[in-house]
Amino acid sequence: MVRYVLLEMRKQWEFFPFVFMLLASFFLSVISPYLNGVFLDFLTYNHVIEEVLKFSVFIATVGILGAIMSYFGRNKFGWG
């Protein structure tokens, strides 16, 4: 039964982008709290402004990508 479902899902062209966006959104939502905690530790031990700005831009980029993945996943694929 599982094999039949997987074969039928492969025939649908929206299957692969759906799975990719689902996994990417999951990964970004899992890693975001960890990055925020690392950023707080980074702020306490590092006082170089350039490095702090680079790390904060990286965290902001991860958060924005997560929001974009969630938005397109909800609107295009109807999950969530």
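With respect to residue 71, determine if the residue is open to solvent by 100 Å² or more (accessible area, probe 1.4 Å), at pLDDT 85 or above, of a type in the set (Ser, Thr, Tyr) and in a helix (DSSP H, G or I). No; evaluated as a whole, the condition is false for this residue. Would you say residue 63 is in a helix (DSSP H, G or I) and modelled with pLDDT of 85 or more? For residue 63, the condition - in a helix (DSSP H, G or I) and modelled with pLDDT of 85 or more - is met.
The values are calculated or read from the model by the stated rules, or taken from the named source; none is laboratory data. Source: prediction; values computed, not measured. Ligands, DNA and RNA are stripped out before the accessible areas are found, and what is left, the full protein with its side chains, is counted by its heavy atoms. Shrake-Rupley method; radii C 1.70, N 1.55, O 1.52, S 1.80 Å.
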